[in-house]
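Written out below as structure tokens is the structure these notes cover.
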Amino acid sequence: MHLRRDISQSEFVIYVLIWFTCVFFSIYCFATSANKYFQNYEDHYSDFTEGWSLISRRKDNSDAEWRLMKLLLKTIPLWIIFSCLVSEVLRQFKLFQLLQVWQILISTTFIITELGILPLGLIVFQPLLFALVLFFTRSKFIIWVTNILTLLLLFMYRYIGFSEEFLAENKLNPQSAHVIVTTIYWMNLKCVSYCIDFIDSKQEHISLTFASYCLHMPNLVLGPFVSYKNFEGCYKTDEYLWDRFLKLILNIFRFLFWFVFTDFFLHFIYVNAVVYHYEWIQTLGSWSLYGYGYTMGQFFHIKYVIMYGLSTSFQKFENIEVPSLPICIGRVHLYSDMWRYFDAGLYNFLQSYMYIPLMKNYFKYRLIPSLICFTFIYVWHGTDESILVWSVLNYVGIVIEQFSKWIDNEYLKKSTLEIMVGPKWRRRITCAAASPLLAMSCVSNFYFFSGNKVGYIFVSRLLNYDILWSNLILLIILYTMCQISTEIKSKEKRSSQKHKKN
């Protein structure tokens, strides 16, 4: 079936020019303002470090996750490469039980060597607990009750594990504590996935597969979440070893390029150091402030593309079906698409183990299952106040979007609106209506990225009637982004239907 184009190519080009011009100008305004502010800054908190020798500039070093990722890239790749090399040999000889033992052994050795004995106990506590529960019962309800209790324990540990006393007593540093907490939270999703899939499969005996799945090296620390069903692909052999190896090498170079690219621009765009200077952020003009917001989002996106990308590259090599990488935030304008395509692994977990079962067995309408999912997201991410605001705004955004779609499907398509104005104006009206929701989506993410104080600065700026014209210009710019996002989705839909037809 041929899909019509709702807008002309020339109109789309205008939207692209406006959007990219405004984005680059806003980034320039922010970068210039930040460089002037930090020019004579006395760095008492080590927010900056010496830059590359070829660049006579300081580099923004204030993001804890970025520092941790750089530290992990110096240590964990060798472990992953060694793990995959031995695993491939065992896979080729179809020694699958020995492969499971190896996956457990290499990860256990990594944890003890890099972190210590106590962290090993903390990390394997959940698999042991869930295995014990699964031994005595095959109830999904009991599994979820166990998970809730486990999350409460994790909530308590988050505040104990980062205390100076705990770190000193156990000879840990803040980076090690962050690795432990991250690993434990990924382990939580894996335990639920295995237990529910195990119950559905009606197996009788818990095997070594549970431990090998939970302790699988490539995504042990870096993520993303991979379901147990998809993980089972690593126990299959194929004849495409050379093809898989070439793809692995290409992917590694691809994500290392983005790592170097990001580290380079941190010499010029101080997007992370700014977060600690609230008074100065409040003085920024609208162009600089929104440029700051955009660079925050892009840095967050690229950071997770690198982490997830390197991890999934090795998992693909092992024949594991992995979720897609985070989609660029600069081409998504709908809440539902952001959730579906940014962290596809977490989205798949919520859909497969929470949302769909709740809709199928307990609820007729989507609001309550969605609320339960966002409550889980809030608790799983750490229950900070900024996470609460982010979760609530996201839930409200999803509700508004779903309600708008219901109105559109039930009434507008059958009304005289499209007959009177045509598909082009219908799309323009839809994108114009989506622009304020996109602004709300951006602000909710700013709470997540930088905390309540920075998020409130953006909210107060948007609600400031003294700069009404500035906000009107912002909505026009966001409107062009909605048009670009809609066109990309339409193009992907046309391509998909063409592919199916062929």
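The values are calculated or read from the model by the stated rules, or taken from the named source; none is laboratory data. What you see is a predicted model; the values in this text were computed from it and never measured. Reconstructed Cβ throughout: ideal geometry from the backbone, glycine too, with neighbour counts over all protein chains shown. Note: areas computed on protein heavy atoms with side chains; ligands, DNA, RNA excluded. Shrake-Rupley method; radii C 1.70, N 1.55, O 1.52, S 1.80 Å.
Below, the figures for the structure above:
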{"item": "Residue, modelled with the lowest pLDDT, within region 380-406, restricted to residues that are hydrophobic (A, V, I, L, M, F, W, C) and open to solvent by 50 Å² or more (accessible area, probe 1.4 Å)", "result": "Trp406"}
{"item": "Lone unmet requirement of (1) surrounded by 18 or more Cβ atoms within 10 Å (Cβ to Cβ); (2) part of a loop (DSSP other than H, G, I, E, B); (3) touching a strand residue (DSSP E or B) at 6+ places or on another chain (Cβ under 9 Å) for His267", "result": "(1)"}
{"item": "Selection within region 166-222 - open to solvent by less than 20 Å² (accessible area, probe 1.4 Å), among the polar types (S, T, N, Q) and over 17 Å from Ile117 (Cβ atoms)", "result": "Asn188, Ser193, Thr209, Ser212, Asn219"}
{"item": "Total residues in region 363-410, condition outside any helix (DSSP H, G or I) and of a type outside the set (Lys, Arg)", "result": "5"}
{"item": "Residues located in region 40-60, provided they are outside any loop (DSSP other than H, G, I, E, B), under 20 Å from Tyr292 (Cα atoms) and among the acidic types (Asp, Glu)", "result": "Asp60"}
{"item": "Subset of region 281-298 (residues that are in a helix (DSSP H, G or I) and open to solvent by 20 Å² or more (accessible area, probe 1.4 Å))", "result": "Gln282, Thr283, Ser286, Trp287, Tyr290, Tyr294, Gln298"}
{"item": "Any hit, region 20-39, residues being without any contact (Cβ under 8 Å) to a residue 24 or more places away in the chain and either open to solvent by less than 30 Å² (accessible area, probe 1.4 Å) or not in a helix (DSSP H, G or I) (or both)", "result": "yes"}
{"item": "Residue within region 318-328 that is in a loop (DSSP other than H, G, I, E, B), open to solvent by 20 Å² or more (accessible area, probe 1.4 Å), in contact with a Lys or Arg (Cβ under 9 Å, 6 or more places away or on another chain) and under 22 Å from Trp66 (Cα atoms) present", "result": "yes"}
{"item": "Matching residues, region 1-60, being touching a strand residue (DSSP E or B) at 6+ places or on another chain (Cβ under 9 Å) and β-branched (Val, Ile, Thr)", "result": "Thr49"}
{"item": "Any chance Trp52 is open to solvent by less than 50 Å² (accessible area, probe 1.4 Å) and at pLDDT 90 or above", "result": "no"}
{"item": "Every residue from region 419-439 that is at pLDDT 90 or above, open to solvent by 40 Å² or more (accessible area, probe 1.4 Å) and closer than 19 Å to Tyr395 by Cα", "result": "Pro436"}
{"item": "Residue within region 343-350 that is part of a loop (DSSP other than H, G, I, E, B), modelled with pLDDT of 90 or more and under 22 Å from Asn147 (Cα atoms) present", "result": "yes"}
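The rows are residues; the columns are (1) in contact (Cβ under 8 Å) with a residue 12 or more places away in the chain; (2) open to solvent by 80 Å² or more (accessible area, probe 1.4 Å); (3) closer than 21 Å to Gly285 by Cβ.
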position	(1), (2), (3)
Ile457	yes, no, yes
Arg461	yes, no, yes
Leu475	yes, no, yes
Ile484	yes, no, no
Glu492	no, yes, no
Ser495	no, no, no
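Okay, residues lined up against (1) under 17 Å from the mean Cα position of the chain (by Cα); (2) at pLDDT 95 or above; (3) not acidic (Asp, Glu):
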site	(1), (2), (3)
Tyr278	no, no, yes
Gln282	no, no, yes
Tyr294	yes, yes, yes
Thr312	yes, yes, yes
Ser324	yes, no, yes
Val332	yes, no, yes
